[in-house]
Amino acid sequence: MSDYDNRILNDADRIQAFARAIRRQVSTQDVVVDLGTGLGTYAMLAAQAGAKRSIGIEFDSIINVARQIALQNNLDVEFIRGDALDVELSERATLLIFEDFSSGLLDGPAPPLLAAARKQLVAPSCRILPQGAELEIAPVASQRAHDMAFPNRADDYTCYGLNFQPLQYITQNSVHHIRSPEDLALLADPVVVLRHSFEEDLPQKWAADVTFELAAEQTLAGVCLWHNLVVDEQNRYSNAPGEAAIGGQYFFAIPEVWDVKPGQRLRCEVAFQRISVDGFWRWNLQLFEHQSETACRTSTGNTFAASPITSAAMNAFYQDEVISLTSRAKLEALVLSAADGNKSIREIHEILQEHAPEMHEDSLEFVLGVLENRRLATAVVN
Ligand SMILES: C[S@@+](CC[C@H](N)C(=O)[O-])C[C@H]1O[C@@H](n2cnc3c(N)ncnc32)[C@H](O)[C@@H]1O
């Protein structure tokens, strides 16, 4: 048995929450499908609870062990080895069990797999376990998590006679995965930023904007995000830091930790977007002094910026975004909007001078440059 399967088996809180929910939910009419059955635990519990049929689907060879365990326990489970999306069932599921989510819930292969399974494997009124999920976030202190996220000092990327500085950019723009390091402390009560019912597909695009009041003098390392499963109305399972959960937390890390004080506020904007199979995260953390409207510290990250990606995917990502222009681009846009076909170059130049008096004598050259580069003004060429 692999380490992974042992860890899964030893995650007692999770298995007990599902076991209780399965006993509550399964009836003798049910065709239960355990999607990604692994050791077959939930499929066996469903058979034990009296399901009409219990089916476990799994593409890994662990399914052979699941078969033996079912045999050993004298339980009638149909195990199907293969990709769940290639499986055709003679009878569709009335109860689907699925729980292979990433810590960030929204990304990874689970959301599209669940969406496809809903189309291919389930009867119209099928129930799903878990019934829903939440995403929670909280600011955290943790030297260990920070050391893991930033193993090199910002000014220390030279080794083996080479300079690896661009790696720092990737590090800063990555979401780090942690599992409740012992020194991790929450700096404010966690806030639920998403409540989702699996009666619907998980969102392709999502954003949250939360402000935390900081209560203690501490060293802020970043923000953690994790999911909780609402297995059914009475049973929940959480990946919160400190819980003995197999899943961990996402850690949006600040490159240089911040010393924070009671009375300060931390604004956390976190956003997610899926483009075909890839999910991308963005985050923006701002620290405010008591009553101040201006942030005293800011830290941002964007996994999209750190990913090698095609320009088609980049277009898809940015088409809904409000873009911020560089100051030079703003002046170019001003010249281009002034060049409406009814104004002389002198008039366009005057408009530019009004908006950018600091340009002085360079401004006429700038106007001519913009018009010429875009090949917009036939009068200039002629
Ligand atoms: C979190 S584990 C589930 C473990 C299982 N519930 C248990 O308690 O042993 C997720 C499982 O889903 C399987 N899986 C993921 N995607 C699959 C797919 N498309 N088709 C079949 N199995 C899949 C993985 O191989 C893995 O064993």
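Scanning the range 1-42 for residues that are of a type in the set (A, V, I, L, M, F, W, C) and more than 25 Å from the chain's Cα centre (by Cα) yields 1, 9, 12, 19, 21, 22, 26, 31, 32, 33, 39.
If the requirement is being modelled with pLDDT under 75 and assigned by TED's automatic domain parsing to the domain that holds residue 168, which of these qualifies: 313, 295?
Values: 295 fails: modelled with pLDDT under 75.
Just one listed residue meets the conditions, 313.
Rundown of residues vs (1) away from the ligand (no atom under 16 Å from the Cβ); (2) assigned to a helix (DSSP H, G or I); (3) not assigned by TED's automatic domain parsing to the domain that holds residue 300, yes/no style:
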| residue | (1), (2), (3) |
| --- | --- |
| 76 | yes, no, yes |
| 90 | yes, no, yes |
| 114 | no, yes, yes |
| 119 | no, yes, yes |
| 137 | yes, no, no |
| 140 | yes, no, no |
| 152 | yes, no, no |
| 169 | yes, yes, no |
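Say we look at the range 75-88 and pick out the residues that are over 14 Å from residue 37 (Cβ atoms) and modelled with pLDDT under 95; which of these is farthest from the chain's Cα centre (by Cα)? Residue satisfying both the conditions and the ranking: 88.
Look at (1) among the hydroxyl-bearing types (Ser, Thr, Tyr); (2) closer than 12 Å to residue 136 by Cα; (3) surrounded by fewer than 21 Cβ atoms within 10 Å (Cβ to Cβ) and you find that residue 250 fails only one, number (3). For the criterion of being open to solvent by 20 Å² or more (accessible area, probe 1.4 Å), within 14 Å of the ligand (Cβ to nearest atom) and among the aromatic types (Phe, Trp, Tyr), residue 59 passes. Residues that are more than 9 Å from the ligand (Cβ to nearest atom) and assigned to a helix (DSSP H, G or I) within the range 31-54 comprise 44, 45, 46, 47, 48, listed in sequence order. Remark: pairs (first residue in the range 326-351, within 14 Å of residue 368 (Cα to Cα); second residue open to solvent by less than 50 Å² (accessible area, probe 1.4 Å) and not in a helix (DSSP H, G or I); Cβ separation under 9 Å; 6+ apart in sequence or on different chains) = 331/356; 334/356; 339/377; 345/339; 345/377; 348/339.
Residues in the range 202-244 that are open to solvent by less than 80 Å² (accessible area, probe 1.4 Å), outside any strand (DSSP E or B), farther than 24 Å from residue 291 by Cβ and out of contact with any Asp or Glu (no Cβ under 8 Å at 6 or more places or on another chain): 202, 203, 239, 241, 242. Looking at the range 9-30, can you tell me whether even one residue there is surrounded by 19 or more Cβ atoms within 10 Å (Cβ to Cβ) and either acidic (Asp, Glu) or assigned to a strand (DSSP E or B) (or both)? Yes, the range 9-30 has at least one match.
Quick check on residue 140: is it closer than 28 Å to residue 280 by Cα, crowded, with 19+ Cβ neighbours inside 10 Å and at pLDDT 95 or above? Here the answer is yes, as residue 140 does meet what is asked.
The values are calculated or read from the model by the stated rules, or taken from the named source; none is laboratory data. Just so it is clear, the model here is predicted, and its values are computed rather than measured. We place every Cβ from the backbone using ideal geometry, glycine too, and count neighbours over all the protein chains shown. Protein only, heavy atoms only, side chains kept; ligands, DNA and RNA dropped before computing areas. Shrake-Rupley method; radii C 1.70, N 1.55, O 1.52, S 1.80 Å.
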